[in-house]
1. With the structure loaded, tell me whether Ala54 is closer than 30 Å to Gln13 by Cβ and under 23 Å from the mean Cα position of the chain (by Cα) or whether it fails that test.
2. Please work out which residue is farthest from Ser76 (Cα to Cα), limiting yourself to segment 98-114 and to residues that are assigned to a helix (DSSP H, G or I) and hydroxyl-bearing (Ser, Thr, Tyr).
3. Of everything in segment 7-37 that's under 22 Å from the mean Cα position of the chain (by Cα) and part of a helix (DSSP H, G or I), which residue is surrounded by the most Cβ atoms within 10 Å (Cβ to Cβ)?
4. Among what's in segment 115-131 and is in contact (Cβ under 8 Å) with a residue 40 or more places away in the chain and outside any helix (DSSP H, G or I), pick the residue that is farthest from Glu82 (Cα to Cα).
5. Working only within segment 41-65, note down all residues that are among the basic types (Lys, Arg) and either modelled with pLDDT of 95 or more or farther than 18 Å from Leu4 by Cα (or both).
Amino acid sequence: MANLHLTQNERYQIYALRKAGHSIRTMAAHLGRSPSTISRELRRNRGRRGYRPAKAHEIACRRALRSRRQVRIDASQWQLVETLLRLHWSPEQIAHRTRLEGTLSISHEWIYRYIRADRARGGRLWKHLRQAHRRRRR
């Protein structure tokens, strides 16, 4: 599975095959993709004037940018989180306050995950939590 996402060229091929009256299964066989992939592409990435490959690619790219996987927090932002933890703020307080101020958008669970990773590396951030939690199980 080298290429998970449809390319812009594949979108133009879908458009041409659809204009020629081919079925979804035929298009999928031609592109070497699953029929559900083609069906989902036609359903999710159409605009007001129907399926247009350029617009479909733009919609898909915009959706990918909104993806949670794109969110990354840099070292300076983690430094802010660590500073607030050392002031004995709870992860819930940090998440809520930074979101209100617009400085950082992070969930408290992500902060807890960061603290657990820090502890596994030998860090001491977990000592600044207000309350000791039971050992977390997957």
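The values are calculated or read from the model by the stated rules, or taken from the named source; none is laboratory data. These figures come from a predicted structure and were not determined experimentally. Ideal geometry is used to build each Cβ from the backbone, glycine not excepted, and the neighbour counts take in all protein chains shown.
1. When the stated conditions are applied, Ala54 passes them.
2. Of everything passing the filter in segment 98-114, Tyr112 is farthest from Ser76 (Cα to Cα).
3. Here is the first cut: in segment 7-37, the residues under 22 Å from the mean Cα position of the chain (by Cα) are 7-8, 36-37.
Filter again for part of a helix (DSSP H, G or I), leaving 8, 36-37.
On the way: Gln8: 14, Ser36: 10, Thr37: 18.
So, considering only residues that are under 22 Å from the mean Cα position of the chain (by Cα) and part of a helix (DSSP H, G or I), the one surrounded by the most Cβ atoms within 10 Å (Cβ to Cβ) is Thr37.
4. Arg130
5. Arg46, Arg48, Arg49, Arg52, Lys55
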